[in-house]
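Student: The structure is given below, and queries will be raised subsequently.
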Amino acid sequence: MKKTFLSLLASACVIVPGLFSGTAQAQFLDGPPERIVPESQMQVQLSYAPVVKQTAPAVVNVYTSRTVRTRSGADFFERMFGMQRAPQERVESSLGSGVIVRSNGIIVTNAHVVKGADELKVVLNDRREFPAEIVAQDEEIDVAVLRVETNGERLPFLPIQKESQNLEIGDIVLAIGNPFGVGQTVTNGIVSALGRTNVTDLSSFIQTDAAVNPGNSGGALVDLSGELVGVNTAIFSRSGGSNGIGFAIPSELVSRAVDSALSEGRIVRPWIGARTNAVDATMASALGLDRSKGAVINEILPQGPADRAGLEKGDVILSVDGTPINDDSGLRFKLATLRKGEEVAIRYFREGSERTVNVETDIPQESPERDERKIRGMNPFDGATIVNMSPALGDELGFDPFISGVMVLKIERGSAANYNRLRPGDFLIGLNEEDITSTRQFESLLETVESAEGWKLSIDRNGRIGVLPTRYLPREQ
């Protein structure tokens, strides 16, 4: 008779009725059983089938389509014959995976799976199809939350493991998804590493050697108790196929993203108002640390959470709420798993000793207000949309939230601003020797400049400051 992992645990736990429905958990009498290495052929032949039956119905395929407009050959015909060809449209389709995390049709997947989609379709394990809508998405953490209308039907779902600390290197995990569009597939492996922060700027990924391929993105990484421990998101590969190095977003961040999307309509990532850097060996020696660890504060937002709590420039953050911090990416990840207004204990190093302070997390604030304005008039900047930068806008656009000033947000095609090579992302520094402090003030400056005087605009483009040569270009009437 085929043995199962659940039978191996039978002596240590009580199986709750309805275990295989995806809603119940195994209740252990004396805590979770000890992890053991298989010692016999019988133990090696144990099956993952019960866990797969429990979890696979909650993993879905996500199909996306978007319309792309092209003008193939337009330049040739315009140049040779003065003719313009009508733009052509084509539909691009892609696929990925997703996980049902609420029985009322809430699904989590990767933001890159649904990016730019005009239409979304979710196909369940039993081949039923549902149109889906995006509730919220965050490209920086690569999480998107979708909703399908179930008309009151309860769908199978996966419980999210709230505490990723329960996962250990060496634990067996299963990856479920739709690689290469071949259909739902299950692969197994172990947790190869935890807290991988060298993949993106905001990450603390689970690394696994379970085979993960294109199409697995957004699929489930589950443990042997049937809980969602991560959402598969990336692979390291030079060939495009699995090399046994896959990365998954930890469940604690997934859980926070889902809760935030459902309660606030967007994925909120708290912060403490401090810019930090990883501590290398040289810096650790200079600061008096025994090794490179933590995140050193090199800038603090005035009146921000860190400032109000008494943290200072040069402090090294060692842990947040008991979680060790290895670098600045790990710090941002940990803060992203918290709720706005949550008070956490931060252990830090200052002047040769470790100290602890309670900090109340917040979200980046829009101060000053963005005051978005579209420039119009007899000037070289006609057609440019400008905004006042703030921590909130910087976080929203993927800019450094500590950057301030007036930024070009958009440029109207064919406008004077476009002709004069002004670009989105340019920061306006000065106009004719006058400093630019706000969008309102810039509009006022434009009214005081005579066309005959010329327009000398100083800009900051990608950290390089220079003067943009401009001339007035009348708009076609």
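Student: If you project the alpha carbons of the range 291-376 onto the principal axes, what extent comes out on each, in Å, largest first?
Tutor: The principal-axis extents, from largest down, are 57, 25, 22 Å.
Student: Set the Förster distance to 30 Å, then compute FRET efficiency between M283 and I403 from the Cβ-Cβ distance, nearest 0.05.
Tutor: Computed FRET efficiency for M283 and I403: 0.80.
Student: Out of residues 5 or more away from G244 or on other chains, whose amide H comes under 5 Å of its own, with H placed 1.01 Å from N in the peptide plane?
Tutor: When sequence neighbours closer than 5 places are left aside, the close amide H contacts are V212.
Student: What does the accessible area of E149 come to, in Å² to the nearest 10, when a probe of 1.4 Å is used?
Tutor: Surface accessible to solvent at E149 totals approximately 120 Å².
Student: So, with a 1.4 angstrom probe, what is the percent of accessible area on the range 238-368 that is carbon and sulfur?
Tutor: Ligands and nucleic acids excluded, carbon and sulfur reach 43 percent.
Student: Please state the relative contact order of the range 272-369 as a whole percent: Cα pairs under 8 Å, 6+ residues apart?
Tutor: 27 percent
Student: Of D259, D290, D382, D126, which has the most accessible area with a 1.4 Å probe, and how do the rest follow in descending order?
Tutor: Descending order: D290, D126, D259, D382.
Student: Okay, next question. If packing is taken as the mean number of other Cβ atoms within 10 Å per residue, what is the order of 332-342, 45-55, 107-117, highest first?
Tutor: Result, highest mean Cβ count within 10 Å first: 107-117, 332-342, 45-55.
Student: Which value, in Å², gives the accessible area per residue of the range 260-360 when a 1.4 Å probe is used on the protein heavy atoms?
Tutor: 48 Å²
Student: What are the ³J(HN,Hα) values, in whole Hz, obtained from phi via the Karplus relation 6.51 cos²θ - 1.76 cosθ + 1.60 with θ = phi - 60°, for each residue of the range 323-336 in sequence order, with x given for Gly and Pro?
Tutor: Listing the rounded values in order: 8, x, 10, 9, 7, 5, 5, x, 5, 4, 4, 4, 5, 5 Hz.
Student: Apply the Karplus curve 6.51 cos²θ - 1.76 cosθ + 1.60, θ = phi - 60°, to the phi angles in the range 337-347 and return the couplings in whole Hz, x for Gly and Pro.
Tutor: In residue order, the calculated couplings are 8, 9, 9, 4, x, 6, 8, 10, 8, 10, 8 Hz.
Student: Please work out the C-alpha center-to-center distance from the range 274-308 to the range 323-348 and express it in whole Å.
Tutor: 13 Å
Student: Using the Karplus curve 6.51 cos²θ - 1.76 cosθ + 1.60 with θ = phi - 60°, what ³J(HN,Hα) values do you get for each residue of the range 147-152, in whole Hz, with x for Gly and Pro?
Tutor: These are the phi-based 3J(HN,Hα) values: 9, 10, 7, 9, 6, x Hz.
Student: On to the next question. Looking at this model, which pairs from K121/K334; K53/K121; K115/K334; K410/K456 are more than 28 angstrom apart at the alpha-carbon?
Tutor: Over 28 Å Cα-Cα: K121/K334.
The values are calculated or read from the model by the stated rules, or taken from the named source; none is laboratory data. Keep in mind that this is a model prediction, so the values were computed, not measured. Cβ atoms come from the backbone with ideal geometry, glycine included; neighbour counts cover every protein chain shown. Remember, those area values only see protein heavy atoms, side chains included, never the ligands or the DNA or RNA. Shrake-Rupley method; radii C 1.70, N 1.55, O 1.52, S 1.80 Å.
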